[in-house]
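One structure is given here, and the rest of the page talks about it.
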Amino acid sequence: MEAEHPAPGMDTVRRRYVKGFTKLSLWYVWRLAKAGSEPFADVVNKRVNIYRNTSLYDGKRHPAGDDVGPEWSGVVGRLESLFGRHEMESAAVRFEAEGLALLWPYLEARLKATGDGLSGERPYECWSYDYTDSGRLNIHIDNVYRPKSPLSEMFTPFAASLIRMLRDSRTRRPDIMIVRCSSWMNSTPRFRSLFPASWAESEVVNPHIGYTMGHWGQFMDRRGDFHAGNGRRFRATGTLPYPASACECEIAEALTHLTVRFPAAVDHSRRRTSD
């Protein structure tokens, strides 16, 4: 009897994600650059999320709004030269392959430094936050449950950790009354179910694709691998499978909704807090 093949390790999955995601990003760079509506450097720095997967990213500064130094400018210049050689081709295949080869030393160095790509201690599991200048609790999502999904088998702890974060924010910053999220996840019914009707009613769809994971996160699957199906859909249509949008509501209203709609999550949160 043949031995079963072991499941691919996180290192293999992460490498596959970075390769697939970078090639998709380069395809989109080629597509926008051919249209000629934006400078090439702006397309690379503001429309795709390549830079943050390189070893040049310091976790803070980003070329969409910061000077990140001459080395990255040189990389972008070399990518532009590659584009010039392949601009008139009918497909981006060679630009993608050569662009990935150019970027790979930087991508591989970051892979070795960051492992599965998840940051350290996360008190609210998949959720993190910051406070905006406009006085809002701005929330972000990353799947720390890999290979499980926060929107399926881990939905109860996912909702429970949101409850804890919202409650803690009310204690920490009682002056902040509104919770906001800008993400492709607002396009999914399961995610929207976490929030009251006013959340969906407030939705504003972003007409442009930006570099953030709020747009590009839909190309990572629950395992942290490249989401090939969403990638194929994007290549076929030129439109994100899940539009990125911004939604918001009052924190108090969100907590009331969560308490009534998801009693199992309330109980889960209570048990975790008491442990």
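The values are calculated or read from the model by the stated rules, or taken from the named source; none is laboratory data. This structure is a prediction, so every number in the text was calculated from the model and none was measured. Please note: Cβ atoms are built from the backbone with ideal geometry, for glycine as well, and neighbour counts cover all protein chains shown. SASA here: full protein model, heavy atoms, side chains in, ligands and nucleic acids out. Shrake-Rupley method; radii C 1.70, N 1.55, O 1.52, S 1.80 Å.
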What are the pairs with Cβ atoms under 7 angstrom where one residue, in region 207-235, is farther than 23 Å from G65 by Cα and in contact (Cβ under 8 Å) with a residue 24 or more places away in the chain and the other, located anywhere, is acidic (D, E) and open to solvent by 40 Å² or more (accessible area, probe 1.4 Å)? Sequence gap at least six, or different chains. G224/D116
All conditions in (1) assigned to a helix (DSSP H, G or I); (2) open to solvent by 10 Å² or more (accessible area, probe 1.4 Å); (3) in contact (Cβ under 8 Å) with a residue 40 or more places away in the chain are true of L56 except (1)
Of the listed residues (R272, R235), the one being surrounded by fewer than 16 Cβ atoms within 10 Å (Cβ to Cβ) and within 23 Å of P147 (Cβ to Cβ) is R272
Counting only residues that are of a type in the set (A, V, I, L, M) and open to solvent by less than 70 Å² (accessible area, probe 1.4 Å), give me the helices (runs of 4 or more DSSP H) lying completely in region 92-205 with at least 1 of them. 93-114, 155-172, 197-201
Every residue from region 39-50 that is open to solvent by 10 Å² or more (accessible area, probe 1.4 Å) and farther than 13 Å from E80 by Cα: K46, R47
Region 23-57 - residue that is within 16 Å of the chain's Cα centre (by Cα) and among the hydrophobic types (A, V, I, L, M, F, W, C) and, of those, nearest to A244 (Cα to Cα): V48
Every residue in region 20-38 that is farther than 17 Å from V76 by Cα and either surrounded by fewer than 16 Cβ atoms within 10 Å (Cβ to Cβ) or touching a Leu at 6+ places or on another chain (Cβ under 6 Å) (or both), please. A35, S37
If I ask for residues that are among the aliphatic types (A, V, I, L, M), under 19 Å from G210 (Cβ atoms) and part of a helix (DSSP H, G or I), which ones from region 59-91 would you list? V76, L79
Got a sec? Which of P241, P189, P207 is closer than 29 Å to T22 by Cα and modelled with pLDDT under 95? P207
Which ones in region 73-113 are more than 17 Å from D42 (Cβ to Cβ), aromatic (F, W, Y) and either touching a residue at least 40 places away in the same chain (Cβ under 8 Å) or touching a Pro at 6+ places or on another chain (Cβ under 6 Å) (or both)? F95, Y106
Looking only at region 242-265, decide whether some residue is open to solvent by 80 Å² or more (accessible area, probe 1.4 Å) and part of a strand (DSSP E or B). yes
Against the condition surrounded by fewer than 16 Cβ atoms within 10 Å (Cβ to Cβ), farther than 19 Å from C181 by Cα and in contact with a Gly (Cβ under 7 Å, 6 or more places away or on another chain), how does A228 come out, does it pass? yes
How many residues does region 73-117 contain that are closer than 30 Å to V144 by Cβ and polar (S, T, N, Q)? 1
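Let's see how each residue does on (1) farther than 30 Å from K34 by Cα; (2) over 19 Å from the mean Cα position of the chain (by Cα):
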{"site": "T156", "(1), (2)": "yes, yes"}
{"site": "C181", "(1), (2)": "yes, no"}
{"site": "R190", "(1), (2)": "yes, no"}
{"site": "V205", "(1), (2)": "no, no"}
{"site": "R233", "(1), (2)": "no, no"}
{"site": "T259", "(1), (2)": "yes, yes"}
Within region 228-241, count every residue that is assigned to a helix (DSSP H, G or I) and on the phi > 0 side of the Ramachandran plot. 0
